[in-house]
Amino acid sequence: VYLSFSSKEEVVLGTVDRIVDAACDEMERIARSDKPATERIRAMLMARILIRFDRVAGYRESLNDLLSSVRKGLLERRERHFAREIEILGKVVPKRIARALVLATNNFLPYALSPDELGDRRRLQRDATSVIDLLVIAISKGGHPA
């Protein structure tokens, strides 16, 4: 392990990077699809939430508690991860809207969830769907490409 990583912190942060890579890969795939923009946005936002959730569903503690020892590195990486997701969403909607979509759905990412919420995928998906639907309706009414 230490041939590839310089510390335990880098191992943990590398795991986080791989989770985000999977989410971004799926978001890219969806962005390239022929589906209408509204469907792509819904699917991309749900993918960024559920892929992360599914990868950490076995944890019964808040990820903030679990990752507190690597918090500084995690916060730095989060900014890069979010910027990457904004770039991908920006292929479907203007960048300022992409940023708003990321910010509006960050509350559904595992690090923000309580232990109880981490154990209930259906509840998470239902709640996220409600927010995502509101966001897409708002974008559509605003005359944007979604």
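Bear in mind these aren't lab numbers, they're just calculated from the coordinates by the rules spelled out. Bear in mind that the values here come from a model prediction, so they are computed numbers and not experimental data. Reconstructed Cβ throughout: ideal geometry from the backbone, glycine too, with neighbour counts over all protein chains shown.
For the range 86-101, the Karplus equation 6.51 cos²θ - 1.76 cosθ + 1.60, evaluated at θ = phi - 60°, returns couplings of 5, 4, 5, 4, x, 7, 10, 9, x, 4, 5, 6, 4, 4, 4, 5 Hz by residue, with Gly and Pro reported as x. Each residue, Leu103 and Ile137, gets one label point 7 Å from its Cα in the Cβ direction; the gap between the two is 2.2 nm.
By how many nm would the segment from Lys91 to Asp25 grow when fully extended, if each residue of separation counts as 0.36 nm and the alpha-carbon distance is taken off? Numbers along the way, then the final one.
Numbers: separation 66, 0.36 × 66 = 23.76 nm, distance 1.37 nm.
Fully extending the segment from Lys91 to Asp25 adds 22.4 nm.
Which order do peptides 49-56, 70-77 fall in by mean Cβ count within 10 Å, highest first?
Numbers: 49-56: 19.0, 70-77: 13.8.
Result, highest mean first: 49-56, 70-77.
In this rough spin-label picture, where each label sits 7 Å from Cα along the Cβ direction, the Glu39-Arg80 distance is 3.5 nm.
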